[in-house]
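What follows is a single structure, written as structure tokens, with notes after it.
The values are calculated or read from the model by the stated rules, or taken from the named source; none is laboratory data. Keep in mind the model is a prediction, meaning the values are calculated, not measured. Cβ sites come from the backbone with ideal geometry, for glycine too, and all protein chains shown count toward neighbours.
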Amino acid sequence: MTTQLPIALLGGIGEFLTSAGHNQPVLNALLLMLAIVVPLVVALALAISGALSERAVKVCGALGFLVPGLISLWLAAVYISAFPFGGYAFEMSADLGLLERFGIQLHLGLNGLALPFYIMAGLVGMAAGFYAIQSGVERLRLYLILLLVMQGGLMGVFSSIDVLFFYFFHEFALIPTFIMIALWGRKGRKAVAIEVTIYLTFGAMITLAGLIALYLFSGAEQFNMIAMREAIVEAPYQGTLFGLLLIGFGVLVSLFPFHTWAPRAYATAPAPAAMLHAGVLKKFGLYGLIQLAYPLLPQGAADWAPLLLWLALGNLLIIGFVTMSQRDLKLMLGNASVMHMGYAFLGLYAYSTVGIGAAIMMLFAHGLSVALLFLLADVVEKRGGTSDFKELGGMGLRAPVLMGLFTAAMLASIGLPGFANFWGELGIFVALFASDTPWVLYLSLIGIIISAVYGLRAVASVFFGEAKGEFKGGDITPAEKAPALLLLISLFVIGLWPKVVSDPVNESVNRSFKDAVPTVTASTDEPTLSE
Amino acid sequence: MIIGLEHYFFVSVLLFAIGFFGVLLRKNTLVVFMCLELMLSASILALIAFSRYHTTPGQGLMEGNIFVLFIIAIAACEVAVGLSIIVALWRRNQTVELSEINELKH
Amino acid sequence: MDLGTVLSVILLAPLVAAGLIWILARQRAALAMTLSLGAAATILCLSLWLFFAGWDGSAFEISTEWLTLGSLTLDVGFLLNDLSALMLFIVAFVGFWIHLFSVGYMNDDKARGRFFGGLSIFMFSMLGIVLANNLFMMFIFWELVGFSSYMLIGHYLDTDEAAQASKKAFIVNRVGDFGFLIGIIITYWTFGTVNFNELREVVGTQPQLVTTLMGLLLFCGVLGKSAQMPLHVWLPDAMAGPTPISALIHAATMVAAGVYFLGRSFFLFTEEALHIVAWVGVVTAVSAALWAFAQRDIKKILAYSTLSQLGYMVAGFGLGSLYGLHHGDAHNALYYGIGASMFHLTTHAFFKALLFLGSGSVIHACHHEQDIFKMGGLWKKMPLTTLTFAAGVIAIAGVPFIAAGFFSKDAILYVAMKSSQPAFYLLTGTALLTALYMGRLFFIAFLGKPNSASAEHAHESPWTIVLPLLVLAVFSIGGGYMIMYPVTLQEVMGHWVPHPHGKDHTTMIIISAVASIIGLVLARIIYGAGAATDKVEKTLPPVFAISRSRFYFDEIYGYYVKKVQDRLADVVAFLDTLFISGVLVRGSAAVAGLLGVTARRLHTGSVSTYVWWFFAGLVLFGAYAGGFFDGIIQ
């Protein structure tokens, strides 16, 4: 009925265009490559060209963000319509000479697990880019160059099958974050930039060690995900390897207790950088865990599961309380994004198709919603001059559209049905009851009360009540509204038709984990393992 | 008394010890330098002595002598470089006392 | 037209209206009103068509898969049977008249676009709950209804009162949803499905799987949504919203969703669970009735009255189901609980909506005066409103035969008498109290002489306000008689409601008559007509104080939030900053720094020292070469 309509529409377009000639796979693989190359080339062009008018800079920047965004949507449509059984698509690989002896190539491609992250990277990139272009900062050119480099890196992270390039693109995208915090951040930026740089590089080092060790112990010939998945590591080392990867990726994803960098980094960073980092780049860690650590190291995952449970609950409950105590809007949002990672880790802990699939959906939705929230929080800060709750208030009547968008974004983030976040969270809750420790469901559901408390408190403090404090500028401008609407409408569309994202994810999780993950069936007895 | 290898050895060691303790304990840079040269001379002496006393009839042991030639050449270069550094230091600090030359500390 | 399409149109029409309002009509009030009213009219017309022509009364279900992840399958679908048809009728009918009322009532409001958009979203969400065929779908719309409530309570967003009330409503509902969702998930994993029909089948074959815990957790949702104790605190505060909202959402439909849910899932409740359900209802009913006496604001009185009546409905479900389980000879005995509670839900929807709309008419006419002691003498200025309000009071008091409320309360008191004597006495006492405080309200506000300038200048309201009052008054009086309802709905109303027979029949009539009439008479005597002050407050201060205290629930919750929760949050944040950020992170940076400082001390800058180090290295090397370390290094 109504579910099939958008899928049919997308599928129809996909069919029509993919059936024309057998060259299409090549074209799509090329598009995958272009999505990475175009932002980087534009950045390079902006860097080396001489004097350019403000207008030209903005147009180039817009192009640099628009192209990967559109490519990601196009490839998503093709994938959903033409690959209903999951698996890798749009593969392309390029030999790079001397790296070949280590089994490293530039190998790109998408599978159902990568697809939601890829779409999210494109969408958030477009929103962040457009917001940056109209934000009127100093040295706009350098700003856009750094953002474009980030965007190129992000597209590379999620479309990379080769593991070294996966890591490389991540570092590529991470470095501009540090620079942007240092140059354009709010007060305290120097200290925060240094802290974030050291902390995240530390995490990345551990990750690299884990990845290389995984490669060596798996005995695969090539350092890429497909080859490594065929070779599951033998038992004695699984625990250590998984531990390395969990800690390394965990630092990058702000797993408790490695989370303290995140709120300060996001509060101090300029909004587009915060959007791209909190929204997309942070998911690198969880994506890596899902693509590599879990399929290859099932025993290791089981060994570490008890610890992961408590750490994830720490994220959820402890950071949940920390979020409730925040009095600054951006710090609160930073802490809230750390709290939500707790849900994702719990989904992984549940270690079933439902759990992992729902975690992916939740991360997809979270990326969009946290980016939207940071964008709108920045608009609020610009209008009100501050992001402190004590000094803000009563903006609702002065900026009704901003209030509407912000309330919608906040409600989406706390899991209101009708937005994409709900499906992911619901799936995680359902999966938790079927895990080894059903009681964790009760604790994690407290999260929905906590998030309602801080979310609505934020909305009420900023928008409701008597008008307080200064108010510069009018309601949200169309230029600011456009990226916000892009994200909100995406959240809404997936909220209404989750199948668009959930089907590829479902197929891919079933495929990737075929021996490792139990597909728990609901029955009148204890949950049983089945195919 | 027939002067044997051990006598040359003894002198060489004596020279080396003098030079060694001079490097460790003297405060004037030039003196330290001279003591370095003393140590080198001591090693030269020892080598020539080996060469001289291990010659079998009909076959000379030339290695020691050749080694000595190398050492002399290198010593000469080292002296040239070292003395220019000391002159530059003198120009800068008006002193060559080792205790005064400590600008590279933490 | 096939049923599936009709139901889809019914469900989606208000959503489309809301979308159009959001895009086109945020500033254009007239267009917004037209769209919203049009959607409501469409819903009513299509529903009436269903009942009179298009639907034959047999159960209809259609569903489609919406999300699949592993073994979790979420469906979206419609289930139209006796129960949902009745609820659909109530929502469509009462909803339409309230939409019409809002057109007149909100005519001076500045944010009508937002209001009518919210109203349409609410209709969409509520209809989703009514038509849902499985627990997950119902939960989705349950949350959406909570959102609409949040949005509409906070309509006057520049007032602190509205801001706090909307937040409170949402959060308290979320607390209920916490238990609700746990219950749904447990149900899912126990039975393998959440579809109502399938669940019923499985329960039929394996009744031992149903646990009390499951039922009680599901009941948590009802606690939140239908404002039962202890989650009742949000409802009186919700009166900060505009009056039509109080009528529609917080009286007639949304709060009744909990009772509707009980009806939908009745087979998931064990006997122990039903006992608890019944007693929660009884306690709520009694307490709320006691609290209504100290209120001066006309809407707050009606709010506590709603709490009390909701308690009746929940108690009716519990007691009726218990009665049906033990005296299950009639073939509909299983449904006695549903019948009793749904019947009261229906009549309550009519007369409570009427009372709220009537109060709205009064508030509108008295220029937003809400204190009843400042009213008085309205019967002369607003005769129609007074007449219809009187009909509502008679209905809620339960005067025999001329009040719909009589028949429905009768059924509940009857099952109480048969199931639990203490409950019966408490509920009968509450009936007396109900008549008493409603009489208090009526006599003080409407009779006597005006007590303030605004009451002096009151005049009758326009037709858009009065017409709904008249229609609802007719149903409040006649709603107890089956001929008022379409044939297809009479199954629930007629056969599922437990009717007393013979001697019990007369007993019940006498009891109801006594309770209602004595209550009303006592109210007239104690309070007098058109009083300017509360006599009980003056003459019996302790009694008044107990009533006004509302058993300190709000104060306890407020204390918890401010002193316990916020303090805990601050403590956790402090510990996080101290230990993790401070000791671990800064600490490790300090350790690294310490190492650096130590290493720096080696750079003394003095050549002699470097020479000694050189010598030391030489010694070590010599020792290594001489085999000194052979034992240690492998």
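If you go through the range C:77-106 and keep only what is among the β-branched types (Val, Ile, Thr), buried (at least 24 other Cβ atoms within 10 Å of the Cβ) and closer than 17 Å to C:Ala32 by Cα, you end up with just C:Ile98.
Against the numbered list (1) surrounded by fewer than 24 Cβ atoms within 10 Å (Cβ to Cβ); (2) over 18 Å from C:Leu436 (Cβ atoms), C:Phe317 comes up short only at (1). Criterion applied to A:Ala434, A:Ala452 was being within 9 Å of chain C (Cβ to nearest Cβ) and at pLDDT below 90, and the one residue passing it is A:Ala434. When restricted to residues that are closer than 21 Å to B:Ala80 by Cα and assigned to a helix (DSSP H, G or I), the range B:21-57 contains 18.
You will find that of C:Tyr425, C:Tyr437, the residue that is under 27 Å from the mean Cα position of the chain (by Cα) and touching a residue at least 24 places away in the same chain (Cβ under 8 Å) is C:Tyr437 and no other. Quick one: is A:Glu100 in contact with a helix residue (DSSP H, G or I) (Cβ under 8 Å, 6 or more places away or on another chain) and charged (D, E, K, R)? Taking the combined requirement at face value, the residue does not satisfy it.
Are any of the residues in the range C:545-568 of a type in the set (S, T, N, Q) and either under 30 Å from C:Gly448 (Cβ atoms) or touching a strand residue (DSSP E or B) at 6+ places or on another chain (Cβ under 6 Å) (or both)? Looking for residues that are of a type in the set (S, T, N, Q) and either under 30 Å from C:Gly448 (Cβ atoms) or touching a strand residue (DSSP E or B) at 6+ places or on another chain (Cβ under 6 Å) (or both), one finds at least one in the range C:545-568, hence yes.
Filtered by the rule that a residue be more than 8 Å from every other protein chain (Cβ to nearest Cβ) and not in a helix (DSSP H, G or I), the range C:119-165 gives C:Ala132, C:Asn133, C:Asn134, C:His155, C:Tyr156.
Across the range A:455-479, what is the number of residues that are modelled with pLDDT of 90 or more and more than 26 Å from C:Ile153 (Cα to Cα)? Of the residues in the range A:455-479, 0 are modelled with pLDDT of 90 or more and more than 26 Å from C:Ile153 (Cα to Cα). Of all residues in the range C:178-192, those being among the aromatic types (Phe, Trp, Tyr) and more than 9 Å from chain A (Cβ to nearest Cβ) number 1.
Scanning the range A:459-493 for residues that are surrounded by 15 or more Cβ atoms within 10 Å (Cβ to Cβ), away from chain C (no Cβ under 11 Å) and at positive phi yields one hit, A:Gly469. Which ones in the range A:89-122 are acidic (Asp, Glu) and exposed (fewer than 15 other Cβ atoms within 10 Å of the Cβ)? A:Asp95, A:Glu100 - these are the residues of the range A:89-122 that are acidic (Asp, Glu) and exposed (fewer than 15 other Cβ atoms within 10 Å of the Cβ).
Between A:Ala359, A:Ala312, A:Ala344, the distinction of being more than 20 Å from C:Phe574 (Cβ to Cβ) and within 13 Å of another protein chain (Cβ to nearest Cβ) belongs to A:Ala359 only.
The set of residues from the range C:349-392 being more than 16 Å from C:Ile477 (Cβ to Cβ) and either among the hydrophobic types (A, V, I, L, M, F, W, C) or not assigned by TED's automatic domain parsing to the domain that holds C:Ser408 (or both) comprises C:Phe356, C:Val362, C:Ile363, C:Ala365, C:Cys366, C:Ile372, C:Phe373, C:Met375, C:Leu378, C:Trp379, C:Met382.
In the condition set (1) away from chain C (no Cβ under 11 Å); (2) in contact with a helix residue (DSSP H, G or I) (Cβ under 7 Å, 6 or more places away or on another chain); (3) at pLDDT below 95, A:Leu373 is compliant with all but (3). Criterion applied to A:Thr207, A:Thr240, A:Thr197 was being surrounded by fewer than 22 Cβ atoms within 10 Å (Cβ to Cβ), touching a Phe, Trp or Tyr at 6+ places or on another chain (Cβ under 7 Å) and β-branched (Val, Ile, Thr), and the one residue passing it is A:Thr197.
Here the helices (runs of 4 or more DSSP H) wholly within the range C:197-271 that include at least 3 residues being among the small types (Gly, Ala, Ser) are C:212-225, C:257-264. Restricting the range A:51-78 to residues that are out of contact with any helix residue (DSSP H, G or I) (no Cβ under 7 Å at 6 or more places or on another chain) and without any contact (Cβ under 8 Å) to a residue 40 or more places away in the chain leaves a set whose member that is nearest to A:Gly125 (Cα to Cα) is A:Val59. For beta carbons closer than 9 Å, sequence separation of 6+ or different chains, a first residue in the range C:320-335 that is more than 14 Å from C:Tyr414 (Cα to Cα) and part of a loop (DSSP other than H, G, I, E, B) and a second that is modelled with pLDDT of 85 or more and not polar (S, T, N, Q), the qualifying pairs are C:Asn332/C:Gly339.
Scan (1) surrounded by fewer than 23 Cβ atoms within 10 Å (Cβ to Cβ); (2) within 11 Å of chain C (Cβ to nearest Cβ); (3) farther than 19 Å from A:Met410 by Cβ; (4) in contact (Cβ under 8 Å) with a residue 40 or more places away in the chain for the single condition A:Trp439 breaks and write down its number. In the conditions (1) surrounded by fewer than 23 Cβ atoms within 10 Å (Cβ to Cβ); (2) within 11 Å of chain C (Cβ to nearest Cβ); (3) farther than 19 Å from A:Met410 by Cβ; (4) in contact (Cβ under 8 Å) with a residue 40 or more places away in the chain, A:Trp439 misses (4) alone.
Could you tell me whether the range C:234-257 includes any residue that is farther than 30 Å from C:Ile465 by Cβ, surrounded by fewer than 24 Cβ atoms within 10 Å (Cβ to Cβ) and out of contact with any strand residue (DSSP E or B) (no Cβ under 9 Å at 6 or more places or on another chain)? Scanning the range C:234-257, I find no residue that is farther than 30 Å from C:Ile465 by Cβ, surrounded by fewer than 24 Cβ atoms within 10 Å (Cβ to Cβ) and out of contact with any strand residue (DSSP E or B) (no Cβ under 9 Å at 6 or more places or on another chain), so the answer is no. Screening the candidates A:Gly320, A:Gly415, A:Gly396, A:Gly404 for the property of being more than 29 Å from A:Tyr287 (Cα to Cα), within 11 Å of chain C (Cβ to nearest Cβ) and crowded, with 21+ Cβ neighbours inside 10 Å yields one hit, A:Gly396. As a summary of the residue check, C:Val259 satisfies the conditions (1) within 13 Å of the chain's Cα centre (by Cα); (2) at pLDDT below 90; (3) among the aliphatic types (A, V, I, L, M) except for the one numbered (2). Residue check: C:Val585 meets all listed conditions (1) β-branched (Val, Ile, Thr); (2) within 14 Å of chain B (Cβ to nearest Cβ); (3) surrounded by 11 or more Cβ atoms within 10 Å (Cβ to Cβ); (4) part of a helix (DSSP H, G or I) but one, namely (2).
The selection criterion, being within 12 Å of another protein chain (Cβ to nearest Cβ) and either free of Cβ contacts under 8 Å to residues at least 60 places away in the same chain or surrounded by fewer than 17 Cβ atoms within 10 Å (Cβ to Cβ) (or both), does not hold for B:Val87.
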